[in-house]
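Please read the structure below before turning to the comments.
The values are calculated or read from the model by the stated rules, or taken from the named source; none is laboratory data. Just so it is clear, the model here is predicted, and its values are computed rather than measured. A quick note on method: Cβ atoms are made from the backbone with ideal geometry, for glycine too, and the neighbour counts reach across all protein chains shown.
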Amino acid sequence: MMATATSLKIIFGIAIVAVILSAGWYPFKKRNQQEDEHLDFPIGETLATGVFLGAALLHMLPEANNQFLHMGYHYPFAYIITGIVFLFFLWFEHLGKELYHHHDNKHPAFAILAWAMLSIHSLMLGAALGLSNSRSVVVMLFLAIITHKWAESFAIAVQLNKSSLSRIKSVLFFLSFSMMTPLGIFIGWYFGRGIETNSLFDPVLVAASAGTFLYLGTLHGLERCVMVERCCNLRDFSFVIIGFLLMASVAVYV
């Protein structure tokens, strides 16, 4: 079973990189593209939102809390770390909006900030997948990540190519972004299964991943996020509920 789970993580890591590179290819081909396109995939985005929310609340946060308790820490460190990471991403995204409003959209600071935030997202998403020991959870997280990642990849490629950064720098930034999720998968696997650390790093990483997933399942994108933009669209919002219930059903067997 462990070999199967590890093999899945390797295959999924390769697939994620392939999707990222494929989605980011077009903006680099159209270097002078000026429109800030927002790709829309309603069912995939809404389903992924529910999966992210369910994974954070039903899997990662309880697991991190149990690990802290097992180590003798009865203070709610898991919840605090999750909340701090959630607020950090919210602040980061608001900072990006402020930069966008006060600078020309070609200013490299905006593209670099977007790259930094999405890279941290990617690293934490990969770590969450790498830490998971259940094949069903690994598959569900992969589907949520891959649905989310293609649009994210396209968006960061557009921002890099709209900025005043040189083509070489833009390519380097994009390639580094494309490797963040596989790197996160390796880090999660290494500390989750590759070695037995029995250290605080394990629950801290799980709690930080929970904060990342909680943000992606609620406020990521701010006014464009599913929870704001589509909460009154019953057809779309039903897929959020379905995604959440899928993670709830997986929790029965984990």
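Data for the structure
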quantity	calculated
Pair list, Cβ < 8 Å and 6+ apart or interchain, from the stretch 44-57 residues that are within 13 Å of HIS220 (Cα to Cα) and part of a helix (DSSP H, G or I) to residues that are basic (Lys, Arg) and modelled with pLDDT under 85	THR46/ARG230
Among (1) without any contact (Cβ under 8 Å) to a residue 60 or more places away in the chain; (2) in contact with a Lys or Arg (Cβ under 6 Å, 6 or more places away or on another chain) - the single one VAL228 does not satisfy	(2)
Per-region count, the stretch 65-99, residues farther than 12 Å from VAL206 by Cβ, surrounded by 14 or more Cβ atoms within 10 Å (Cβ to Cβ) and among the small types (Gly, Ala, Ser)	2
Every residue from the stretch 158-169 that is at pLDDT 85 or above and either surrounded by 23 or more Cβ atoms within 10 Å (Cβ to Cβ) or assigned to a loop (DSSP other than H, G, I, E, B) (or both)	SER166
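Each row is one residue, and each column tells you yes or no for (1) more than 29 Å from LEU245 (Cα to Cα); (2) in contact (Cβ under 8 Å) with a residue 24 or more places away in the chain; (3) among the polar types (S, T, N, Q).
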{"residue": "LEU123", "(1), (2), (3)": "no, yes, no"}
{"residue": "ALA128", "(1), (2), (3)": "no, yes, no"}
{"residue": "VAL138", "(1), (2), (3)": "no, yes, no"}
{"residue": "ALA144", "(1), (2), (3)": "no, yes, no"}
{"residue": "HIS148", "(1), (2), (3)": "no, yes, no"}
{"residue": "GLU152", "(1), (2), (3)": "no, yes, no"}
{"residue": "LEU165", "(1), (2), (3)": "yes, yes, no"}
{"residue": "LYS169", "(1), (2), (3)": "yes, no, no"}
